[in-house]
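Scroll down for the structure; my scribbles are underneath it.
The values are calculated or read from the model by the stated rules, or taken from the named source; none is laboratory data. The shown structure was predicted, so the numbers you read here are calculated from the model rather than taken from an experiment. Because the Cβ atoms are built from the backbone with ideal geometry, glycine has one as well, and the counts that use them run over all protein chains shown. Heavy atoms of the whole protein, side chains included, go into the accessibility calculation; ligands, DNA and RNA do not. Shrake-Rupley method; radii C 1.70, N 1.55, O 1.52, S 1.80 Å.
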Number of protein chains: 2
Amino acid sequence: MSRQNQTFKAAVNSALASFGALAPGAELGSEAELAAKLSISRTTARNVLAHLVQLGVVEWEGRRKTLLRAPCPEDRFPPEDVALPAELAERQLQEWILRTDLPPGSQIHESELARQLDIPVALVRDLLQNFRVSGLIEKNPNKHWTFRGFTREYATEMCDMRELIERAAIRQLIADPEHPSLPRMAEMERLHIALLARDDAAMTEFPALDARFHRIICQAADNRFFDEFAHRISIIVHYHYQWNKRDETARNRAAIREHLAVIRAVLSGRGEDALAAFDHHLATARTTLLASVNWG
Amino acid sequence: MSRQNQTFKAAVNSALASFGALAPGAELGSEAELAAKLSISRTTARNVLAHLVQLGVVEWEGRRKTLLRAPCPEDRFPPEDVALPAELAERQLQEWILRTDLPPGSQIHESELARQLDIPVALVRDLLQNFRVSGLIEKNPNKHWTFRGFTREYATEMCDMRELIERAAIRQLIADPEHPSLPRMAEMERLHIALLARDDAAMTEFPALDARFHRIICQAADNRFFDEFAHRISIIVHYHYQWNKRDETARNRAAIREHLAVIRAVLSGRGEDALAAFDHHLATARTTLLASVNWG
DNA sequence: TTACGGTTTTTTATAAATAAAATACCTTTA
DNA sequence: TAAAGGTATTTTATTTATAAAAAACCGTAA
């Protein structure tokens with residue numbers, strides 16, 4: 001069926017949202033301006049305008065485009081129409097692989113997965129190929145894929161690599177008192193303190209904060225290979241949080257305190273302390289991760 | 001046109017080659033045995049047998065398969081028929097990107113590349129997506145790819161990552177006197193001494209040896225993420241050797257001596273010396289790589 | 001009764017088709 | 001005359017089609 005018009009639909013929604021600031025009767029600027037504002041081509045911008053005319057939200061006569069009425073929720077496309085099928089399917093696939101708890105060595109068939117997720121095989125193929133970099137699956141040429149498993153070895157190898165990278169990154173961060181990442185560390189301090197003050201139920205917000213913390217550390221090195229690895233790993237770590245629920249809130253509170261120790265040492269320029277605190281945090285993070293391994 | 005039968009053709013060639021050890025009149029074993037020996041399915045093995053019958057090389061009657069005559073060169077399929085189109089195209093694409101000397105920021109269009117390399121766009125897309133991990137290109141959604149360029153930044157980031165990994169790997173290598181990679185290091189010593197004894201013309205063989213040396217170091221850590229990165233990088237380094245021809249033979253001889261210093265220190269258990277020698281080699285390798293940067 | 005061969009079904013690799021979206025080109029109008 | 005709109009062309013994203021290759025199934029003979 002070829003392409004669906006997600007870009008168009010997303011642009012319509014985004015245009016409608018931007019009209020909230022305007023009063024009916026306002027003029028809308030040129031097609032090129034609209035295209036630039038929505039980060040789309042002028043072709044799509046024109047399609048959006050045409051659609052808005054059909055909705056009765058806009059009047060369009062030559063180069064005069066007038067807002068007729070404030071947009072209402074019914075004008076918007078539903079969110080599931082807006083998401084790109086590829087991105088939607090990517091999350092579905094990750095869910096499937098990481099939550100099905102397959103034993104190591106399991107066969108993964110493109111065609112079977114395509115049926116289960118109700119997406120074309122070609123897309124499954126693309127997604128698996130992309131996911132391969134995570135180190136969790138491998139291809140048998142002319143045959144199926146194999147799930148290598150979230151094993152003790154995998155977790156160890158991942159932690160080794162991660163510690164190597166993040167230690168190098170934090171060394172760069174503490175070496176430069178003017179480092180551009182420092183303001184974001186200050187912001188992190190506030191967020192950590194705020195979360196620590198809240199009740200146990202709020203601890204569900206920790207995984208996202210943890211991901212941001214490690215990402216900021218990584219980005220301090222300004223190295224594309226660090227970022228690439230960190231991104232891949234964050235997906236795995238994200239799922240790991242859903243496997244190991246034992247002592248969850250206690251662990252999370254402890255981790256927040258460990259983060260804070262690192263952040264405060266970094267911000268106050270105590271380099272050695274920061275390194276020591278960070279090493280300590282990496283050690284507990286490794287223990288936590290290994291505790292969530294089900295296989296081997 | 002769908003799939004071509006490369007697997008079949010490669011299997012025929014491989015079967016013919018294995019017949020060199022047999023005398024005419026010899027019996028050939030079961031279909032399953034043949035399939036296992038050639039690492040193909042029984043289906044393809046049967047097709048191979050049928051083809052060999054047509055060639056008059058084999059007689060096949062029920063479960064009796066007899067070699068009629070020694071295979072001759074004409075029986076074999078030409079090498080270009082045997083290579084997988086995807087692998088062929090992958091090398092073509094790498095050649096194109098890394099030898100065209102595009103300025104950083106250049107647009108790369110899937111369709112244009114498909115025309116130039118005479119392969120379907122879908123394949124170009126796959127290959128570019130795969131090559132993305134090298135950090136040299138990036139995708140603009142709904143638009144073209146951008147060549148980020150083999151710049152000073154790129155080379156620096158690559159070296160930073162490489163040194164991090166290889167230092168960690170060699171530390172593991174020297175920490176264990178029974179390390180399984182040590183025999184391969186001994187083999188490496190022989191190869192390096194042999195190459196050093198030969199004339200300048202033989203120095204063209206150094207890049208391949210260099211790649212093997214660094215690969216063995218990497219593999220000593222037994223970490224899939226290390227290997228993955230090392231593999232990606234080896235492709236880039238391979239091309240870099242073709243850009244920087246100045247003082248080539250002198251540089252290569254010096255590098256061989258540096259390798260030897262590392263290898264000997266490792267083999268004789270002088271850990272500190274090995275680390276120092278390796279650091280020294282990494283420093284010159286970095287200098288060499290940066291000297292071949294044409295942009296920025 | 002089990003290993004083997006014949007046959008059918010499933011799955012993968014590749015190519016081609018199609019609509020969306022971007023870009024380029026040309027015309028118009030303020 | 002320059003910026004905007006209209007139109008045509010190119011390129012990308014996605015689906016579908018097809019043959020090769022693998023795997024499963026089943027009957028048969030040593």
Problem set entry | Verdict on A:Arg246 being more than 14 Å from every other protein chain (Cβ to nearest Cβ), out of contact with any helix residue (DSSP H, G or I) (no Cβ under 7 Å at 6 or more places or on another chain), open to solvent by 50 Å² or more (accessible area, probe 1.4 Å) and in a helix (DSSP H, G or I) | no
Problem set entry | Of all residues making up the range A:4-27, the number that are under 17 Å from B:Lys143 (Cα atoms) and assigned to a loop (DSSP other than H, G, I, E, B) | 2
Problem set entry | Failed item, numbered, when B:Asp210 is tested on (1) within 13 Å of another protein chain (Cβ to nearest Cβ); (2) charged (D, E, K, R); (3) part of a helix (DSSP H, G or I) | (1)
Exercise. Can you find even one residue in the range A:192-215 that is crowded, with 16+ Cβ neighbours inside 10 Å, aromatic (Phe, Trp, Tyr) and closer than 20 Å to A:Ile263 by Cα?
Worked result: yes
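Going through the range B:18-32 one residue at a time, which ones are touching a residue at least 24 places away in the same chain (Cβ under 8 Å) and either within 14 Å of chain A (Cβ to nearest Cβ) or more than 14 Å from DNA strand C (Cβ to nearest atom) (or both)?
Passing the criteria: B:Phe19, B:Gly20, B:Leu22, B:Ala23, B:Pro24, B:Gly25, B:Ala26.
I need a count of the residues in the range A:110-128 that are open to solvent by 70 Å² or more (accessible area, probe 1.4 Å) and on the phi < 0 side of the Ramachandran plot. Full working, then the answer.
Our first condition is that a residue be open to solvent by 70 Å² or more (accessible area, probe 1.4 Å); within the range A:110-128, this holds for A:112, A:115-116, A:118, A:120-121, A:125.
In the following step, the residues that additionally are on the phi < 0 side of the Ramachandran plot were identified as A:112, A:115-116, A:120-121, A:125.
Summing the residues that are open to solvent by 70 Å² or more (accessible area, probe 1.4 Å) and on the phi < 0 side of the Ramachandran plot in the range A:110-128 gives 6.
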Exercise. Cβ-Cβ below 6 Å, separation at least six or inter-chain, first residue in the range B:116-145 and farther than 15 Å from A:Gln129 by Cβ and in contact (Cβ under 8 Å) with a residue 40 or more places away in the chain, second away from DNA strand C (no atom under 14 Å from the Cβ) and not in a helix (DSSP H, G or I): which pairs?
Worked result: B:Leu136/B:Arg148; B:Ile137/B:Phe147
Problem set entry | Of all residues in the range A:83-109 being within 14 Å of chain B (Cβ to nearest Cβ) and more than 22 Å from A:Thr151 (Cα to Cα), the one that is least open to solvent (accessible area, probe 1.4 Å) | A:Ala83
Exercise. Any residue at all in the range B:219-233 that is part of a helix (DSSP H, G or I), open to solvent by 40 Å² or more (accessible area, probe 1.4 Å) and either farther than 23 Å from A:Met158 by Cβ or more than 12 Å from every other protein chain (Cβ to nearest Cβ) (or both)?
Worked result: yes
Exercise. Out of curiosity, is B:Arg46 near DNA strand C (Cβ under 10 Å from one of its atoms), surrounded by 14 or more Cβ atoms within 10 Å (Cβ to Cβ) and either closer than 30 Å to B:Trp243 by Cβ or not acidic (Asp, Glu) (or both)?
Worked result: yes
Exercise. Do the conditions hold for A:Asp176, that is, is it open to solvent by 20 Å² or more (accessible area, probe 1.4 Å) and modelled with pLDDT of 95 or more?
Worked result: yes
For this session: Identify all residues within the range A:1-14 that are more than 13 Å from every other protein chain (Cβ to nearest Cβ) and away from DNA strand D (no atom under 14 Å from the Cβ); write none if there are none.
Result: A:Val12, A:Asn13, A:Ser14
Exercise. Scanning for something within 13 Å of DNA strand C (Cβ to nearest atom) and under 22 Å from the mean Cα position of the chain (by Cα), does the range B:71-81 turn up at least one residue?
Worked result: yes
Problem set entry | Subset of the range B:140-154 (residues that are more than 12 Å from chain A (Cβ to nearest Cβ) and either outside any loop (DSSP other than H, G, I, E, B) or open to solvent by 20 Å² or more (accessible area, probe 1.4 Å) (or both)) | B:His144, B:Trp145, B:Thr146, B:Phe147, B:Arg152
For this session: Output the qualifying pairs, or none if there are none: Cβ atoms under 9 angstrom, residues six or more apart or on different chains, first residue in the range B:249-269 and outside any helix (DSSP H, G or I), second residue of a type outside the set (A, V, I, L, M).
Result: B:Gly269/B:Pro177
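To keep it simple, each residue is scored yes or no on (1) more than 19 Å from the chain's Cα centre (by Cα); (2) of a type in the set (A, V, I, L, M).
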residue: A:Asp210; (1), (2): no, no
residue: A:Phe213; (1), (2): no, no
residue: A:Ile217; (1), (2): no, yes
residue: A:Ala221; (1), (2): yes, yes
residue: A:Asp247; (1), (2): yes, no
residue: A:Ala254; (1), (2): yes, yes
residue: A:Ala261; (1), (2): yes, yes
residue: A:Ala265; (1), (2): yes, yes
residue: A:Leu289; (1), (2): yes, yes
For this session: Six or more apart or on different chains, Cβ under 7 Å: which pairs go from a residue in the range B:33-51 that's of a type in the set (Ser, Thr, Tyr) to one that's open to solvent by less than 30 Å² (accessible area, probe 1.4 Å)? Could you list them?
Result: B:Ser41/B:Ala35; B:Thr44/B:Ala11
For this session: Determine if the range A:162-174 includes at least one residue that is more than 14 Å from chain B (Cβ to nearest Cβ), assigned to a helix (DSSP H, G or I) and β-branched (Val, Ile, Thr).
Result: yes
